[in-house]
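Each reported figure results from applying straightforward, stated rules to the coordinates on display, with no laboratory input. Keep in mind that what you see is a predicted model, and the values were worked out from it rather than measured. A quick note on method: Cβ atoms are made from the backbone with ideal geometry, for glycine too, and the neighbour counts reach across all protein chains shown.
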Amino acid sequence: MSKNNKISALSEKDGVNKPEILSSQVAKHIQAFRKKEILATELIEKIIAGDKVALSRAITLIESTNNNHLEKANAVINGCLPFANKSVRIGITGVPGVGKSTFIEAFGKHLTGLGKKVAVLAIDPSSTLSHGSILGDKTRMEELVKDENAFIRPSASGESLGGVARKTREAIILCEACGFDTIIIETVGVGQSETAVHSMVDFFLLLKIAGAGDELQGIKRGIMEMADAVVINKADGDNIQKAKMAKVEFNRALHFFPPKSSGWQPKVTTCSAVTTDGIAAVYDLILEYISHTTTSGYFDAKREEQNQYWMLETINEQLKNSFYNHPEIIKQLELVKQQVLNHEISPFSGAQLLLEAFKKKT
């Protein structure tokens, strides 16, 4: 072979064409199905009938940032509302590595074993650069995800404060309308999301592990003050004694806090999500809390307070979206930002200019 005809080591030979897995007709049918718009009334009917596929589609709809989807999303939520508010809402938080997903799977399997229908709304952290999310909760809860009486919905946190998915509150309503009587919300566990989750659940559970060096830090206000129960996870093997010691320390810390308005004294217990020891006791503790707050009237009063809170939060969100999507603001925003960067005007003056422009055009 001549030098001019020398074949590069990087050259490729023609291979064998891959067999056609789907016929073009089937492929077109699938594409047409995915593009097909489903009516709000149809979605509502299917959700109320317990259709989990329709529930997933509805949650995707309400999570959409497309303003064209807003009216349809609100119609679905309003249609499902009369069938909602019949569940126990449980918030579960804890630092990464505490075993939240493993605990939720063991806890969820215990509940479905009792005949309960469990929906897990898991908030996964998103990258601030790519806005991508791992969304690995379905992988980590491989047994629960196969359970007919369970529904797991991972959602990317996006730009929401502290990692709470933007539409988690509305997703709760849809899950309740679909017949799920226990809603579990798993937070990212990075510190800020706990306040938002606390404002949408009936019972707030804090997962801890022994030997992490934070037993004495339990005396600090914040997350401990919000917790209705502290559960020491991974109480198995050589860690059982450490878990018992941590339980004593956290119990002491909790007694430094003033009484809760619910009249409930937060409790500490231990469990192992791997062996399932103590999982039943955790649920018994939640039932005790529900009974206590229902009898006192606190349960319903808290729900009403939360509804008002989320109405105001929705107003804030809608105003923010309207502001940044307004044509006049889109036109002026970069110019005003540049003026602030050049120290021609203060940040406060820049904000005032944009707000005045928004008010004039609305």
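Overview of results
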read-out	value
Karplus 3J(HN,Hα) series, Hz, for region 230-240 with 6.51 cos²θ - 1.76 cosθ + 1.60 (x for Gly, Pro)	10, 10, 8, 8, 6, 7, 8, x, 6, 8, 4
Footprinting exposure proxy for ASP236, ASP228 (fewest neighbouring C-beta atoms within 10 Å first)	ASP236, ASP228
Under-5 Å amide H pairs with ILE152, H placed in peptide plane, nonlocal only	VAL120
Distance violations [Cα-Cα > 23 Å] among LYS117/LYS146; LYS244/LYS267; LYS109/LYS302; LYS117/LYS247; LYS234/LYS302	LYS109/LYS302; LYS117/LYS247; LYS234/LYS302
For region 233-362, with +1 on Lys and Arg beta carbons and -1 on Asp and Glu, the positive-most of THR362, TYR298, LEU312 along the dipole	THR362
LEU114/PHE323 FRET efficiency (R0 56 Å; Cβ-Cβ; nearest 0.05)	0.75
FRET efficiency, 1/(1 + (r/R0)^6) with R0 41 Å, evaluated for MET311 and GLU344 via beta carbons	0.55
Packing-based order for 272-278, 99-105, 325-331, using average beta carbon neighbours within 10 Å, highest first	99-105, 272-278, 325-331
Positive-end residue of GLY99, ALA49, ASN74, charge dipole of region 40-108 with Cβ unit charges	GLY99
Whether region 221-299 is rounded, prolate or oblate, judged on the alpha carbon gyration tensor where a/c under 1.5 counts as rounded	oblate
Ordering of 243-254, 83-94 by packing [mean C-beta count within 10 Å, highest first]	83-94, 243-254
Only Lys, Arg (+1) and Asp, Glu (-1) charged, at Cβ; region 276-356 dipole about Cα centre in debye	320
